[in-house]
Amino acid sequence: MSTKRALIALLALSAAAWRAGAAVEELPDAAEVLRAGASHPAAPYTGEVSVVTWYGKRTRAKELLVHFSPPNRFRREIVDHSGYTAQIVVSDGKQEWVYDRAHGRVWKTTPEDADYKLLGPEEEFDLLAQNYDSRVTGQETVAGRPCWVVEIRGQKDSRSVRTLWIDQKTGVMLQTKSFLADGTVASTMRFVKIEFPGELDEELFRFTPPVGAVVVKSKLKPGYLELEDARIAGGVPPVPPKWLPNGYVFESVNVLPYNGSTFLHFKYSDGIDAMSLFQCPKSVRLDFGDLAEEPVRMAGGSARLSFGPDGKILEWPRQGQRFVLVGNLPLETLRRVAESVQ
């Protein structure tokens, strides 16, 4: 190769390397993209969403029609492949309605107020940063809109935990993919279609119970309570676990009324994955659907294990109460958490 041709080739390689470097530099900081995705979008939107969950040997798929108007009004309709609307959830920001069409029941509830969470947005981001590494890996299109692709991996094992596709203009999370501890896909969410009309009809966020439907008021009353507040509000001494997996912290506990009694819902988080513990009267059976169960040995007794859309479900009795632990964690980890509930 002549000196001139070699010089031209070298300049071409240098230009290509510069372009590659420029492309990397143009990618935004993952923390900034995640913050944009966590905040409420400033513009109303309407769309169609596909959700698929794998648990055990089962697969569950559902389609949703969603409408959102800032700051906190929304409408979600779960439809099947034939277009039948099975469930409607509507909130005007002050009242939330859940309509189960198949059973003709309506629940009137109070929406959760994120301003009263014990972990504020910055604390949640700090928790995420302590346990996970996040980076923007590139750009892709979802529902016809350019998105930043954010990959989240565990700091200790570098395993992929979640991949997010966040709309570059609005911050709306248009697609997610979650992974189990063994690397298999646990669930996906994807906007098939989304529009930003500028304004939505106010009637979308109003709900009138259908004639003949049974209305149940105050099924849930979210509170983001501290442990002592929960004891006073529920009249039940809270029994939280004494051991938590590395990186997990206590988020809140809610008091939930049930048939004249109450049960407690403890929430824990590591910034991405959540773990729930339900402390119930022995007569209460939480409905997770028709799931296959298998026995599990625990120190001091036995438990039942099943697999649901939100992870493994471990259930066991203790001193006249029933405890249910739900999380996307290895069985031995859940067993250790359960055995620390004393």
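Calculated on the Cα set of the stretch 30-195, radius of gyration then Dmax: 17.1, 48 Å. Here the gap between K156 and M298, fully extended at 0.36 nm per residue and compared with their Cα-Cα distance, gives a gain of 48.4 nm.
Positive contributions from Lys and Arg (+1) and negative ones from Asp and Glu (-1), summed over other residues with Cβ under 10 Å from the Cβ of V49, come out at +2. Each Lys or Arg adds one and each Asp or Glu subtracts one; over the other residues with Cβ under 11 Å from the Cβ of V249, this totals -4. Taking other C-beta atoms within 10 Å as the exposure proxy, H67, H103, H265, H81 rank H81, H103, H67, H265 from fewest upward. The Cβ shell under 15 Å around R206 holds other residues with a net charge of -1, Lys and Arg each +1, Asp and Glu each -1. Label-to-label distance, Q139 versus S82, with points set 7 angstrom from Cα along the beta-carbon direction: 4.4 nm.
For the stretch 47-91, the list of chymotrypsin sites (Phe, Trp or Tyr not before Pro) that fall in a loop by DSSP and count at most 11 other C-beta atoms within 10 angstrom reads Y84.
All of the numbers you see were taken from the coordinates with simple rules; none came from a lab. Keep in mind it's a predicted model, so treat the numbers as computed, not measured. Positions of Cβ are backbone-derived with ideal geometry, glycine not excepted, and every protein chain shown enters the neighbour counts.
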